[in-house]
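A quick write-up on the structure given underneath.
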Amino acid sequence: MGVNCVISVPMEENKSGQYVITKLQKKIENLGAKKAGHFSVDCETYQSQIPIEGQVKVINNVHDTEYPASTFSFVENGPHLVADNTLDMLFAKMDSFYAPKKNFKIEAKGVRYELNDFLIKVGSVIIGQNTSVKGILLQIDYTPCILYNDSWGIITELLHILGINPNITNFFKSRLEKKESSVDYTDCAQQYLELFNSVRKSMTVNQQPPGMSSSPVMIQGRM
Amino acid sequence: MADPAQNEFIQQAIKLTQSLRYSLSKTLERVAHPADESKEENEGDYINSVKEGLISISQEIEDLEKLATKLKPINGVYALGSTLAFGLDSSQEKNKHYQELNKSYRYLQKVNIHSNTSWQHLQQNMGQHRRNYVPKKKKVHQLATNRHENLSVIVATVQRNLPHTALSATKTADNFNVIQMTQGKVFKAAIALRGTNIEWIVVKASNEKLHNENGELDMWGQSKYEVFRKITEQAEIAANMMSANANEIALQHLLKWLHGYHNIFTAKCSKCSKHLKQMLPPVIREFRSNDIFHEQCRA
């Protein structure tokens with residue numbers, strides 16, 4: 001496990017999400033990357049049925065195929081824990097306290113590539129039962145390096161080669177600001193969660209009447 | 001075959017020739033060295049002795065000439081045992097000696113070349129041992145007994161210059177001295193030594209393990225990352241370079257050179273000013289100048 005950086009790839013106007021993904025995949029393959037299976041990262045959101053301290057608490061459970069036996073559980077604006085995936089069964093039994101938000105499950109899935117010491121994942125984001133691409137996420141792992149600051153130059157150079165703006169998450173920014181900050185198992189899930197939230201936000205903005213500004217990061221794509 | 005009388009004549013003739021040669025050489029020697037320092041003699045005695053010599057020579061020549069008239073010329077081959085075979089030409093086709101000689105000659109030449117090469121290699125590897133035995137006796141004893149302590153001294157010396165690098169000298173079960181180097185969260189290295197000769201070197205990522213499940217040092221396992229396999233390759237080349245004159249200073253130099261990889265992920269190539277070439281960071285640190293290059297940019 002090395003430093004991983006997840007960024008959202010902007011959609012192209014009048015082009016489908018699949019078109020952008022295929023173009024990106026071709027670029028990666030042209031660099032000599034080899035396909036190494038598929039991946040998926042999903043996030044289920046639970047809401048507290050009874051207000052706790054006068055507030056409705058939200059918990060996000062993230063699953064990553066890279067860690068198939070684990071569930072990463074994040075309390076909104078609070079702590080997080082890494083548990084065995086049996087935690088999901090526990091949540092299913094607690095539905096009178098924490099109920100899943102309907103049509104709120106968000107997932108990024110796609111192809112996994114290995115390029116020398118890099119691990120590159122290109123995923124399309126879908127929400128609920130809707131299969132249309134709501135966004136594109138690109139994950140780059142530089143596996144031999146565990147220091148954020150050290151790997152940043154290399155990751156930006158690869159993004160530059162792929163022609164993508166290094167539009168990093170706030171989480172990644174905070175890690176870069178710390179000196180000698182090394183990677184942790186939950187880092188990847190945290191970045192996905194941040195990007196999933198921004199996709200959801202852009203969806204709600206887009207659903208609002210015209211005139212409201214949409215998120216500069218995510219542009220909704222069409223299949 | 002010649003008759004017995006003839007054989008006797010021949011024998012006499014040989015004897016006469018021998019005595020003639022003896023007296024001739026004696027006389028000539030007397031002529032060549034007239035003044036014999038050991039004996040005191042006058043000129044008259046010298047001339048007389050030469051004269052006597054010359055008279056005996058002429059007498060013997062006369063005798064030989066007389067005998068020669070009695071000798072008959074020998075016709076055909078005079079057989080004298082195996083000397084018969086002397087004059088015969090040996091044909092290559094009939095015996096295989098020539099080919100066999102050729103083969104053994106080539107074989108011996110190869111043996112010569114191989115032994116020379118192995119001698120050179122052994123000389124390089126045994127250099128340290130020889131150095132231990134050649135100089136003063138006191139030093140020999142000290143080096144033989146305190147080799148491990150010496151290593152700790154070397155490590156401590158290098159450690160003073162590299163405060164951010166963790167260095168330690170340990171001994172494995174199979175009696176190797178091992179220097180372990182941990183460069184922050186960037187890389188780990190293990191160097192197995194015999195004396196100050198480097199036997200093996202391995203560089204791994206900081207998220208890899210140098211020890212196996214049993215807690216033993218796993219010197220033979222490679223890194224799973226391409227970049228660290230390349231660095232190990234470079235370190236092996238550097239170790240081979242210094243094996244010609246392996247000593248404590250060379251070992252210190254190697255450790256400092258290895259420390260140059262602390263910026264493997266952050267340093268850019270001196271030539272192309274980029275991080276990546278064929279998806280690898282610049283993995284070459286020049287041994288003398290410490291310049292940073294990609295493999296492809298060095299040439």
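Tabulated values for the structure
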item	result
Of residues in segment A:169-181 being in a helix (DSSP H, G or I) and over 12 Å from A:Val3 (Cα atoms), the one nearest to the other protein chains (Cβ to nearest Cβ)	A:Glu177
Which listed residue, of A:Ser48, A:Ser8, is away from chain B (no Cβ under 14 Å), polar (S, T, N, Q), touching a residue at least 40 places away in the same chain (Cβ under 8 Å) and farther than 17 Å from A:Ser96 by Cα	A:Ser8
Residue among B:Phe287, B:Phe228 that is within 13 Å of chain A (Cβ to nearest Cβ) and aromatic (Phe, Trp, Tyr)	B:Phe228
Filter pass, A:Arg175 being of a type outside the set (A, V, I, L, M, F, W, C), open to solvent by 30 Å² or more (accessible area, probe 1.4 Å) and at pLDDT 95 or above	no
Residue check for A:Gly32: within 14 Å of another protein chain (Cβ to nearest Cβ) and either assigned to a helix (DSSP H, G or I) or open to solvent by 10 Å² or more (accessible area, probe 1.4 Å) (or both)	yes
For B:Lys188: the one exception among (1) modelled with pLDDT under 90; (2) in a strand (DSSP E or B)	(1)
Some residue of segment A:147-168 being touching an Asp or Glu at 6+ places or on another chain (Cβ under 9 Å), in a loop (DSSP other than H, G, I, E, B), modelled with pLDDT of 90 or more and in the same structural domain as A:Glu12 (by TED's automatic domain parsing)	no
Which numbered condition B:Gln222 misses (of (1) buried (at least 17 other Cβ atoms within 10 Å of the Cβ); (2) free of Cβ contacts under 8 Å to residues at least 24 places away in the same chain)	(1)
Lone unmet requirement of (1) under 30 Å from A:Leu81 (Cα atoms); (2) modelled with pLDDT of 90 or more; (3) surrounded by fewer than 21 Cβ atoms within 10 Å (Cβ to Cβ) for A:Glu180	(2)
Residue satisfying all of: in segment A:147-167; surrounded by 21 or more Cβ atoms within 10 Å (Cβ to Cβ) and either aliphatic (A, V, I, L, M) or in contact with a His (Cβ under 9 Å, 6 or more places away or on another chain) (or both); farthest from the other protein chains (Cβ to nearest Cβ) among these	A:Ile155
Elements of type strands (runs of 3 or more DSSP E) in segment A:65-146, at least 2 residues being at pLDDT 90 or above and open to solvent by 60 Å² or more (accessible area, probe 1.4 Å)	A:80-84, A:106-115
Residue satisfying all of: in segment B:269-296; surrounded by fewer than 17 Cβ atoms within 10 Å (Cβ to Cβ) and hydrophobic (A, V, I, L, M, F, W, C); nearest to the chain's Cα centre (by Cα) among these	B:Phe287
Near pairs, Cβ below 7 angstrom, 6+ apart or cross-chain, from segment B:206-218 (at pLDDT below 80) to any residue that is among the basic types (Lys, Arg) and open to solvent by 80 Å² or more (accessible area, probe 1.4 Å)	none
Residue that is surrounded by the fewest Cβ atoms within 10 Å (Cβ to Cβ) [pool: residues in segment B:184-209 that are of a type in the set (A, V, I, L, M, F, W, C) and more than 21 Å from A:Glu180 (Cβ to Cβ)]	B:Trp200
Residue satisfying condition, being closer than 17 Å to A:Thr45 by Cβ and either of a type in the set (Asp, Glu) or in contact with a strand residue (DSSP E or B) (Cβ under 9 Å, 6 or more places away or on another chain) (or both), within set A:Asp88, A:Asp141, A:Asp84	A:Asp88
Selection from segment B:251-268 of residues that are buried (at least 18 other Cβ atoms within 10 Å of the Cβ) and more than 30 Å from A:Ser182 (Cβ to Cβ)	B:Leu251
Residue in segment B:54-108 that is least open to solvent (accessible area, probe 1.4 Å), counting only those that are β-branched (Val, Ile, Thr) and modelled with pLDDT under 75	B:Thr83
Candidates B:Cys269, B:Cys297 - the one that is farther than 23 Å from B:Lys188 by Cβ and within 14 Å of chain A (Cβ to nearest Cβ)	B:Cys269
Pair list, Cβ under 9 Å, 6 or more apart: segment B:171-193 residue away from every other protein chain (no Cβ under 14 Å), other residue in a loop (DSSP other than H, G, I, E, B) and loosely packed, with under 14 Cβ neighbours inside 10 Å	B:Thr172/B:Glu216; B:Ala173/B:Glu216; B:Val178/B:Thr172; B:Ala192/B:Thr172
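The values are calculated or read from the model by the stated rules, or taken from the named source; none is laboratory data. Just so you know, these numbers come straight off a predicted model, no measurement behind them. With ideal geometry, Cβ positions are generated from the backbone for all residues, glycine too; neighbour counts draw on all protein chains shown. Ligands, DNA and RNA are excluded from the accessible area calculation, which covers all protein heavy atoms including side chains. Shrake-Rupley method; radii C 1.70, N 1.55, O 1.52, S 1.80 Å.
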